[in-house]
Every structure is written in structure tokens, then in C-alpha cells.
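One structure is given below, encoded as C-alpha cells.
Please treat every number below as a calculation from the coordinates, not as lab data. Here the structure is a predicted model, which means the values were calculated and not measured. Every residue, glycine among them, receives a Cβ derived from its backbone with ideal geometry; neighbour counts consider all protein chains shown.
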Amino acid sequence: MEFNLHPAFDVFVICAALLVLKMIVVGHFTGFLRIKREAILNPEDVEAFRSSKPESVEEDPEVARGLRAHRNDLESTLPFLAIGLPYLMTNPSASIASGLFIGFTLLRVLFSVFYLLGVQPWRSLSFVLGELCVLVMLGQMVLWGFSH
Amino acid sequence: MEFNLHPAFDVFVICAALLVLKMIVVGHFTGFLRIKREAILNPEDVEAFRSSKPESVEEDPEVARGLRAHRNDLESTLPFLAIGLPYLMTNPSASIASGLFIGFTLLRVLFSVFYLLGVQPWRSLSFVLGELCVLVMLGQMVLWGFSH
Amino acid sequence: MEFNLHPAFDVFVICAALLVLKMIVVGHFTGFLRIKREAILNPEDVEAFRSSKPESVEEDPEVARGLRAHRNDLESTLPFLAIGLPYLMTNPSASIASGLFIGFTLLRVLFSVFYLLGVQPWRSLSFVLGELCVLVMLGQMVLWGFSH
């Protein structure tokens, strides 16, 4: 690909990589909890990971919390990743784009920590501010799209 | 990025922005229901949002419906967003690409409305037709990939 | 878009299309199980698809397994699709990129088969190796980002 990359592209690449890494960490945290709390849902996993407790039908509360934190990443981080490149291709201001990318990434890291620790209202605040970054990107995209 | 954008790129940008916006609305609708129906799963949220009902272990049926509608977006809208740009880079016909983008977007908006209202068979129909748009894109991508 | 595509772009296009197709198949497998096992959660679907069993509140175990297999695709396949193009734009070695794309795609197909059949430790092994492919891509992206 021999073309001029957007000046904020390198910031996007680093942020996207860190966000996916963070998602993987949250996912493994849930898997780790599942083994530690012996809350295993697949019968074939019971033999491998369980010591004594019977096979569970319902979720352990801490595992369920980890799953909700991870699911929130699917709902919020994945749309950001999906629109990041099309957004850059609409040629936004490099400083605004970099600011939104870095802001969103920091807010999502904070959100995950707050969610797993159950700290309110900081969890909701970091979520809403992260969503605000995405909404600004969406607004810029729609404006660009209709002016072309 | 100084290169010639695909003529359907602006349609994709608008559709992608609207689809992510729609996902956010569906997500907030669930959050709104959760507070309204007092069906709150995180213990730390109980104090902030609950009036009287004890902490729930199971999901409220309407909240569970909202979660399923939102989850369907993860399963269907996110793959569309992820392949949209690679698809455009295979240089498809602009009218076919625009038609698929606009068709998918309208069908997903309808799907969400039908899901939240519980209207069948329109919900299933809008889902299947939206999936058909994605399958056409996938077919064009595979054909392009193997002819290059 | 008139610019030089990365030599591994056609491999990515084929892999991305096959991965989304696989996700759709896993999703339909769950829907098919839901009807076959008569484990239907939306009240409006009961009339259309159910023969005799009363409306279920909890999930059927086999349907729940299908949902977990599908959810794992959201957690693992979607981040891969989202970073595929930014990764290629950092201009990685074509043979490494192709190897990672093809490896990840094969591992995810195996993972889905192993998950639906409940075959351990192969399910976990295919998951971890697939994640390793993503981690290599993330590492290359971060290194590239900080050297630009």
C-alpha cells in the first residue's frame, strides 16, 4: 500500500492494538476466575479443571461480572475499532483524531478496571465519556459523508 | 491518505455511522429498561438505581429481550462493519455496493424495531434479508480473492 | 481506490470472508438447535416454532453451548477482522501476514467444530493458538506504531 497514511494512523494502530490486548486480558481474567471459582459450564471441562463441586447450571456471580465486563467490550470497543479506519479516511484533523483515539483507549482501560472492581459511579462515567468519543467520530463521519 | 476513494465510500461512511448509532440506541434502551424495571445485576448499582425491590439474580424478561436484540447487533452488524472496507477495496460495482450498504442499514434498523416490539415474522424476515446482503458481499470477496 | 494493495491483501479478503461465513453457520446452527430442541425464548416465536413444550425461561444446555461457541467468535474473530486491515497497512512481511491469516482462519474453524462437539483439550488448544496469531499481529503493530 503505497499511499500517504493519515498523520494520526500510527496513534490509531497503537490504540487499536492496546484495546484488543485489553480485551484479551479481560477475557482471560474471566477464564481464570471460572477455574478458580470452579464455575465451569461445559461438561467436558469439569474433569480437567474441577476438583470437587458438582457441575454448575447457573453462573458464579464473579464470573458473571467478568462476562458482563467482557461483553461491554464487544458492545463498545469493537464498534470503535470497526469505524476507526473509515473515520481516518474521511481525513479528520490529526489532533482531534489522536485525542479521541487516546481518550477512548484510556477510558476503556479505566472502565474495565472499574467494572471488575465494581466501583461506581466511575464505571458509568468512564463508559459514558468513552461513548462520547465515539459519538464525536460518528458526527464527523456523517457530516463528511453528506458533504461529498 | 491521498488516493482515490471508491465511489461508494461516502455511502459506507454514512451507513457505518448510522449503524453504530443504532447499536448505541439499542444498548441504551436496555440500560433504560434495566433502571425502569429495577432489574439491576451489579450489586454496586443497586444503591444508585433501585428503589425497593431486592437484588435480582435472574434477568427481567424485557431486559433480556433488549440484551438479545443488542447481542444480535454484535453478531450481525459488527461483521458487516468489519468487512465493509476490505469489500470496497476489492473494487465492486458502485451501484451494487451502495445498494447493499443502504439495504443492510435499513434492514437492521427495521430488525431492531421489530425485535424490541416482538413482531414476527417481520423480525426474522428483516434478519434473513440483512444476512443475504452480507452473503452477497462475502461471495464477491471470495471470487475476487481467488481471481487475484 | 487506486493504490498498491499489500501482497497479502487477497489472502486477508478470502480469510475474512470465510471467517464471517463460519460465524453465520455457527449462528444458524444455534438457531436450528433452538427450534429442534424447542428451546425458544421470545414469546412471539413460540406459536411459530413450538409444538407442545411450554415457553422456557432457562436455556436448553445444547443451545447454551451453541451460544457460547458463537459468543467466542464475537470475542475472538471480530477483533481479528477489525485489526486485519490496519495491520496490513503497517506493511508487514507478506509471508508472515499470510501465514497468520491462514493459520488463524483454520484454527477458528477447528475451534468451532471442537466446541460444538465438546472435544477437549483440542478446543482450548485451537483457541490459544488462534489467540497467539492475534498477539503476534498486535506486537508487530505496537512496534511499528512506536517506530513511526
query = Using alpha-carbon pairs under 8 Å, 6+ residues apart, how would you state the relative contact order of segment B:62-137 in percent?
reply = 35
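Counting other C-beta atoms within 10 Å, which of B:Met89, A:Met23 has the fewest, and how do the rest follow? Walk me through the intermediate numbers first.
On the way: B:Met89 21, A:Met23 24.
Least crowded to most crowded, the residues run B:Met89, A:Met23.
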query = With each label point set 7 Å from Cα along the Cα-Cβ vector, what nm distance links A:Lys36 and B:Leu125?
reply = 5.1
ask   = Label B:Ala94 and A:Val113 with points 7 Å out from Cα along Cα→Cβ: what is the distance between them in nm?
value = 4.9
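Do any of A:Lys22/B:Lys22; A:Lys36/C:Lys36; B:Lys22/C:Lys22 go past 29 Å between their Cα atoms, and which?
Values: A:Lys22/B:Lys22 25 Å; A:Lys36/C:Lys36 35 Å; B:Lys22/C:Lys22 25 Å.
In this structure, A:Lys36/C:Lys36 lie more than 29 Å apart at Cα.
I'd like the projected area of segment A:63-132, averaged over all directions, using the convex hull of its alpha carbons. Report it in nm² with one decimal.
Details: hull surface 18.1 nm².
Over every viewing direction, the Cα hull of segment A:63-132 projects on average to 4.5 nm².
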